[in-house]
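Written below as structure tokens is the structure these notes are about.
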Amino acid sequence: MTSISAGSRVGWEEISASVCGGELRLAVAGSGPPIVVLPGDQGHPPVNPFLDRLTAAGTVYYPWLAGFHGGNPPQWEWLTNVRDLAVVQRQLIAALGLDRPALVGLGFGGWIAAEIATFAAPSLSKLVLVAAMGIKPERSYIYDQFLVSTEHYAQTAFHDVRRYTEIYGTETSFEQLEAWETDREMTSRLAWKPYMYNPALPRLLSGVTVPALIVWGDDDQIVPRECGELYRQALPDARLEIVRDCGHAVDLDQPEELATLVSAFLA
């Protein structure tokens with residue numbers, strides 16, 4: 001596996017499942033209640049201490065998103081929007097036979113998780129949205145990644161660039177850059193217009209009564225912090241937590257604090 005197992009102290013296993021005529025891969029580790037974690041729009045980082053720590057709270061299922069790098073892009077060319085992708089990821093949960101898992105979404109994965117909750121909330125135990133795209137900010141805008149290089153976009157997600165270097169190195173590998181370009185191509189197909197939000201999502205979320213935790217970095221340069229408050233207002237049973245000295249990539253910038261918040265919420 002080319003993902004988090006390489007630099008992890010946790011024994012991650014790779015499995016796959018057939019969904020909607022395609023194959024999806026997942027990394028799995030831990031034991032206990034199921035926790036599904038949907039990654040952001042830049043895929044699986046080489047290491048992820050947040051996920052390693054989260055395995056203490058349950059069995060973590062960490063899929064490669066359909067159509068993104070590691071998610072067999074040629075098999076998913078028929079996907080046209082984020083809601084399509086949400087249906088695929090929900091069917092993956094069903095294919096795995098998971099009983100009311102907790103659903104955690106990181107960034108772009110948070111948008112997917114929110115969409116899943118709008119049509120499958122009874123099948124979830126809890127919902128965690130971390131710096132989620134999906135809702136249009138009222139006073140600002142979501143950062144346009146297509147105006148900069150994929151490497152610059154990845155760096156902008158960090159409050160502390162030293163964290164970026166710890167994860168991706170002082171020189172980003174060609175393999176990583178290629179993966180980011182694949183992910184950006186898929187993102188543009190699914191979320192170009194309107195850019196990175198669903199105008200109907202706030203109203204659709206009003207019927208989602210599953211307990212929800214919303215987490216945001218106080219220095220998020222990608223998705224404005226106001227979007228966290230908009231998510232809190234849209235969801236009937238939600239609370240918002242702000243992580244200090246933290247950018248958009250909360251799971252990589254402040255993994256220990258995020259793991260503590262999520263684990264306590266799931267407990």
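The values are calculated or read from the model by the stated rules, or taken from the named source; none is laboratory data. All values reported here derive from a predicted model rather than from experimental measurement. All Cβ positions, glycine included, derive from the backbone under ideal geometry; neighbour counts span all protein chains shown.
The figures follow:
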read-out: Residue within the range 48-69 that is small (G, A, S), touching an Asp or Glu at 6+ places or on another chain (Cβ under 6 Å) and in contact (Cβ under 8 Å) with a residue 12 or more places away in the chain present; value: no
read-out: Any hit, the range 89-103, residues being free of Cβ contacts under 8 Å to residues at least 24 places away in the same chain and on the phi > 0 side of the Ramachandran plot; value: yes
read-out: Scope the range 94-142; condition part of a helix (DSSP H, G or I), farther than 21 Å from L26 by Cα and polar (S, T, N, Q); matching residues; value: T118
read-out: Those residues of the range 242-267 which are of a type outside the set (S, T, N, Q), surrounded by fewer than 17 Cβ atoms within 10 Å (Cβ to Cβ), modelled with pLDDT of 95 or more and more than 19 Å from G40 (Cα to Cα), in sequence order; value: R244, D245, A264
read-out: Residue within the range 227-237 that is closer than 22 Å to P49 by Cα, at pLDDT 95 or above, more than 16 Å from the chain's Cα centre (by Cα) and not small (G, A, S) present; value: no
read-out: Checklist (1) over 26 Å from Q155 (Cα atoms); (2) of a type in the set (D, E, K, R); (3) out of contact with any Ser or Thr (no Cβ under 8 Å at 6 or more places or on another chain); (4) free of Cβ contacts under 8 Å to residues at least 60 places away in the same chain applied to R9, failing item; value: (1)
read-out: Residue check, I242 closer than 21 Å to Y141 by Cβ and either assigned to a helix (DSSP H, G or I) or touching a residue at least 60 places away in the same chain (Cβ under 8 Å) (or both); value: no
read-out: Test: residue in the range 78-85 that is of a type in the set (F, W, Y), without any contact (Cβ under 8 Å) to a residue 12 or more places away in the chain and over 22 Å from A120 (Cα atoms); value: yes
read-out: Failed item, numbered, when E115 is tested on (1) over 13 Å from the mean Cα position of the chain (by Cα); (2) among the acidic types (D, E); (3) within 22 Å of P224 (Cα to Cα); value: (1)
read-out: Scan of the range 189-217 for residues that are among the small types (G, A, S) and over 18 Å from L147 (Cβ atoms), ordered by number; value: A200, S206, G207, A212, G217
read-out: Count of the range 104-142 residues which are more than 23 Å from R90 (Cβ to Cβ), buried (at least 16 other Cβ atoms within 10 Å of the Cβ) and of a type in the set (K, R); value: 1
read-out: Any hit, the range 15-35, residues being on the phi < 0 side of the Ramachandran plot and within 13 Å of the chain's Cα centre (by Cα); value: yes
read-out: Residues of the range 34-93 classified as hydroxyl-bearing (S, T, Y), more than 22 Å from I167 (Cβ to Cβ) and part of a loop (DSSP other than H, G, I, E, B), total; value: 1
